[in-house]
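A.B. asks: Here it is, the structure, as structure tokens.
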Amino acid sequence: MKKRTKMLQFSKEVRLELIERDRGCFFCKRGIHMGKIDTGDMAIFDPMHIVNKSQGGLGIIENGLIGCRGHHHLMDNSEYGPEMRAIAKDYLRILYRGWTEEMVTYSKWKGFKHC
């Protein structure tokens, strides 16, 4: 179980890659404001899993975005989550040709390779 848990976490290296790639909140930069966000939460940036860890989403760059704490909370805990994830998945499909949810989801029965 420890190996799976470790695979679901963003490593320091992946976090740095996400910061470099996204350069700020993915949603704020695109003017996507769903729901109310505390302005203090817009100044704190988090790596966000697109396929949730609870669903086996791996901690790899192809499964992450940088978001402000407010957008991260909305994506994980509000009715806007499904729409926000759909927007994020479209972005990842542009960045990583052939991107699918299956490619970024842990399964002990399949081999793993990055996009």
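The values are calculated or read from the model by the stated rules, or taken from the named source; none is laboratory data. Since the model is a prediction, treat every value here as computed from it, not as a measurement. All Cβ positions, even for glycine, are placed from backbone atoms using ideal geometry, and neighbour counts span all protein chains on display. Note: accessible area is taken over every heavy atom of the protein model, side chains too, but ligands, DNA and RNA are not part of it. Shrake-Rupley method; radii C 1.70, N 1.55, O 1.52, S 1.80 Å.
A.B. asks: Has region 27-40 got at least one residue that is over 11 Å from the mean Cα position of the chain (by Cα), exposed (fewer than 11 other Cβ atoms within 10 Å of the Cβ) and closer than 26 Å to residue 4 by Cβ?
C.D. replies: no
A.B. asks: Under 18 Å from residue 101 (Cα atoms) and among the acidic types (Asp, Glu): does that describe residue 62?
C.D. replies: yes
A.B. asks: Okay, moving on. Between a first residue in region 1-24 that is over 18 Å from residue 68 (Cβ atoms) and a second residue that is open to solvent by 70 Å² or more (accessible area, probe 1.4 Å) and among the polar types (S, T, N, Q), which pairs have beta carbons less than 7 Å apart while being 6 or more apart in sequence or on different chains?
C.D. replies: From region 1-24, no pairs qualify.
A.B. asks: Could you tell me whether any residue of region 65-73 is surrounded by 17 or more Cβ atoms within 10 Å (Cβ to Cβ), small (Gly, Ala, Ser) and closer than 22 Å to residue 97 by Cβ?
C.D. replies: Among the residues of region 65-73, not one is surrounded by 17 or more Cβ atoms within 10 Å (Cβ to Cβ), small (Gly, Ala, Ser) and closer than 22 Å to residue 97 by Cβ, which makes the answer no.
A.B. asks: Further question on the same structure: Here is a list of conditions, (1) open to solvent by less than 30 Å² (accessible area, probe 1.4 Å); (2) under 13 Å from the mean Cα position of the chain (by Cα), and residue 52 meets all of them except one; can you say which number that is?
C.D. replies: It is condition (1) that residue 52 fails.
A.B. asks: Here's something else I'd like to know. For region 74-85, which residues satisfy the criterion of being surrounded by 20 or more Cβ atoms within 10 Å (Cβ to Cβ) and more than 22 Å from residue 103 (Cβ to Cβ)?
C.D. replies: 74 - this is the single residue of region 74-85 that is surrounded by 20 or more Cβ atoms within 10 Å (Cβ to Cβ) and more than 22 Å from residue 103 (Cβ to Cβ).
A.B. asks: If you don't mind, another one. One residue is enough: does region 65-73 have a residue meeting the conditions of a type in the set (Val, Ile, Thr) and either within 22 Å of residue 6 (Cα to Cα) or modelled with pLDDT under 95 (or both)?
C.D. replies: For region 65-73, residues of a type in the set (Val, Ile, Thr) and either within 22 Å of residue 6 (Cα to Cα) or modelled with pLDDT under 95 (or both): present.
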